[in-house]
Amino acid sequence: MSIPIKIAKIGWGTDPVELVEWRAGEGGRVENDSVILAVTTKKIESDIHAEGDGYLHIVVPEGLKAEIGSVVGYIAETEEELKKIQGENPTDSGVTVEKEEDSIDETSVPEAVSRRSRKGEGIRISPVARKMAEENNIDISSITGTGPGGRIVRKDIENAIEDSKKPGVSSNMQPGKNVKSTIPLRGMRKAIAENMYQSISSSAQLTLMGEIDMTEVVKLRETLKAQFVDSITFTDIFVFVVAKALKEHPIINSSLEDNEIKIWENINIGIATAVDEGLIVPVVKDADKKPLSLISREIKALAGKAREGKLDFEDIEYGTFTITNMGALGEGYRFETVIINGHECAILGTGGISDRVVARDGEIVIRPVMTFYFTYDHRIITGAVAGAFTETVRKLLENPYLLIISKEDI
Amino acid sequence: MKELMLTQAENQAFDEEMERDPDVFILGEDIGLYWGGPFGQFRGLIEKYGPKRVRETPISEKAILGGAIGAAAAGMRPCAAMMFVDFLGCAFDEMINQLQMRYMFGGKIKLPLTIVANIGAGFSTAAQHSKSMLGLLMGVTGLKIVVPSNPYDAKGLLKSSIRDDNPVLFLSHKKLTPITQQIPDEEYLIPLGKADVKREGNDVTVVATAYMVQVALSAATKLQEEGISVEVVDPRCLIPLDKETILGSVEKTGRIVTVSEDPKTCSAAALIAAMVAEEGFDFLDAPIKVVSCPATPVPFSPALESYYVPDEENIIQAIKEII
């Protein structure tokens, strides 16, 4: 019996995943549990393991996308079986969607990506040019053919590949502006680009800014650091505090989906984390129910995995709110209009802490001050609600003693 | 080295093979004392080997081919001289029903038989002396088909044909007769089923057979002046066809024009084009062009005949349509 290799359903994601690399060639021998395929989606790379010993037959080659639940290959037990499977399921260049009955998700109607509806149907293009375009992910509908009768020929695709290596510059390159190097837009970079553009172009975002006196939090952190082996970071404290504030203002912990505002039961706080390839947002689940020490440990573990590129899908899923702490960039009094992550409705950015001259009780004093910037989706949140939420955050940070007792206790 | 015409090179091949193997003999019309074949390819052989091994036959193609098949089945190595390929019609039962003996008897006998004939138009000899019938004969099955394009190839291929244990149809184009080439004194063989790249190029592949190779080469020379680089591939054998060389060339150039001197429907050029469409589709950067003859009998009128046979201009035009 052959074993189909399926793209498993991953969390909320219903977008097709990109096949990054087959770890064995067509007909290659694979062993049970070994990694056979790397896929990428939503800023994350994941491995698919073999579910048995045998010979690999690739149906969907690298570089193409596959729907959730689709079969991208098979593991044949014997070489005879391999031949049979190869005959029955030829390696496709246009992604044959083979949906399994049990994995059809009601909410996700995948784009029909089959040979018949292949992009660019009806365009005059030579066979070799079409093949090259598919192999190199070139959109042929954007190419003007130079062959007889305007047919797209090999040379045109070669030129397009050459052009695609130049960032933001098409074939008519401007003189005096030469390309030094190019970075292909794929994997995490592509996901960031798509997510950020999707976010800002599909919601009504505006940013509320202010500053917070950090005197007490700085003291609190010093005290805690003296008591614990693991140092507690400002980010840990922000997650702890914001979780409490979100509990008090549940509307901030919501999403606009399917024409209704869904207020989430869980308070799952994502932490924007810079990595070599870009940016990733691991999530601390149920942050409102966890003590600070546990939050701190979890954040350290997630950050470590992020740096090593070993985050699993479950580590970045189900976020309901995001914090991005720019304090790591060092001191400096600055503001930024951060962009909301994914389908959330708000994000809190925190700046560096720097000594500022402020007025307190009619006196001019110097205090450690942190800037904050709270971007929210005006479709869901009004200015008054945003102000109330940020005021709660400010109060808790300027007076962390309030954390000892929660509102519910009274 | 000696400068020889195609017929002289073929004559050498017969001579060498008859000397080497006493089972080799030739039978046919007008191959003996008075003529030595219509183009002299058998000249001198009857004097050297006698009438038993150079057997003059009555005017009966059926008898020539039938006799050759019987002799081959009985262990001899005959060469049946059919004069013009057009005359094979008279022996078509032998062609399509008897030559297949080795296959039909499960390989129990060998059939080492060479049928030699001249093909091609260009001499105003009318339809019954001017055909090539390449595509038609490719459909016969059970025989190899050899189509040399120059004297050197003709000699090496003919010797291999005679030594082959299967029926081989060896077709010499009449218009190749005056072409001369340096032929080595020492013996050489050219294996059957191996194509030859007659000219290397990068922009387009022209697969041509027999005399059309010469036409394609001069078209390529003309196009070189215009900056178009043409690769000319000569399959040399239509069966077995060297697909690897043809497809390899198409993979390089991305374009192919096939040329043969027979009516386009089922022409050798059309059959090669079909093979490339099926097996080399992903290499193609332009439609395949087939250059062959109109679907008419070969005209007697010299003006019409020259229109009928593909020329340099036809090939150049086809190339320019896809470049």
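Every read-out reported here was derived from the displayed coordinates using simple, explicitly stated rules and does not represent laboratory data. Remember, predicted model here, so these are calculated numbers, not experimental data. Cβ atoms come from the backbone with ideal geometry, glycine included; neighbour counts cover every protein chain shown.
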May I have the count of lysine pairs in the range B:196-322 with C-alpha atoms under 20 Å apart, counting pairs 8 or more residues apart or located on different chains? 13
Signed unit charges on C-beta, dipole axis of the range B:2-183, positive-most listed residue B:L176, B:Q8, B:F105: B:F105
Within-15-Å neighbourhood charge of B:L223 [Cβ basis; K, R +1; D, E -1]: -3
Which order results if A:V281, A:V357 are arranged by neighbouring Cβ count within 10 Å, fewest first? A:V357, A:V281
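What net charge do the residues around B:G120 carry, taking every other residue with its C-beta under 9 Å from that of B:G120, with Lys and Arg at +1 and Asp and Glu at -1?
Within the 9 Å Cβ shell, the charges total +2.
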Here Rg/Rh (Cα, Kirkwood) for chain B equals 0.97
Could you give the nm distance between label points at A:Y318 and B:Y103, where each point is 7 Å from its Cα heading toward the beta carbon? 6.9 nm
For the pair A:K219/A:Y401, report the inter-label distance in nm, with labels modelled 7 Å from Cα in the Cβ direction. 0.8 nm
The whole-number value in µm²/s of the Stokes-Einstein translational diffusion coefficient for the range B:2-183, with Rh from the Kirkwood sum over alpha carbon pairs at 37 °C and 0.692 mPa s, is 203 µm²/s
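Given axes a ≥ b ≥ c from the Cα gyration tensor, I'd like to know whether the range B:65-108 is rounded (a/c under 1.5), prolate (a/b larger than b/c) or oblate.
Numbers: a/c = 3.00, a/b = 1.49, b/c = 2.01.
The shape class here is oblate.
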Over the range A:3-96 - Rg/Rh using Cα atoms and the Kirkwood inverse-distance radius: 0.95
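Any idea how many Lys pairs in the range A:202-409 come in under 12 angstrom at the alpha carbon, given 8 or more places apart or on separate chains?
Total qualifying Lys-Lys pairs in the range A:202-409 comes to 6.
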Where q = 0.08, 0.10, 0.14 Å⁻¹, what log10 of I(q)/I(0) comes from the Debye formula for chain A, counting one point per Cα? -0.58, -0.84, -1.25
Tell me whether the range B:20-127 comes out rounded, prolate or oblate; compute the Cα gyration tensor, take square roots of the eigenvalues as a ≥ b ≥ c, and use a/c under 1.5 as the rounded threshold. oblate
With no solvent and one point per C-alpha, what does the Debye sum give as log10 I(q)/I(0) for the range A:202-409 at q = 0.09, 0.14 Å⁻¹? -0.33, -0.84
At a temperature of 25 °C and a viscosity of 0.890 mPa s, determine how fast the protein assembly as shown diffuses translationally according to Stokes-Einstein, using the Kirkwood radius over alpha-carbon pairs as Rh; express D in µm²/s, rounded to the nearest whole number. 75 µm²/s
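Rounded to whole Å and ordered largest first, report the semi-axes of the equivalent ellipsoid of the range B:196-322 derived from its Cα gyration tensor (root of 5λ). Kindly include the intermediate steps, with their values, before the conclusion.
Values: eigenvalues 97, 57, 31 Å².
Semi-axes (√(5λ), whole Å): 22, 17, 13.
Where the eigenvalues come from the Cα gyration tensor of the range A:128-281, what are the semi-axes √(5λ) of the equivalent ellipsoid, largest first, in whole Å?
Square roots of five times the eigenvalues give 49, 21, 15 Å.
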³J(HN,Hα), Karplus 6.51/-1.76/1.60, whole Hz, each residue of the range A:371-379, x for Gly, Pro: 7, 9, 9, 10, 8, 9, 8, 5, 5
Between A:H49 and B:S60, what is the spin-label point distance in nm, taking each point 7 Å from the Cα along the Cα→C-beta axis? 8.3 nm
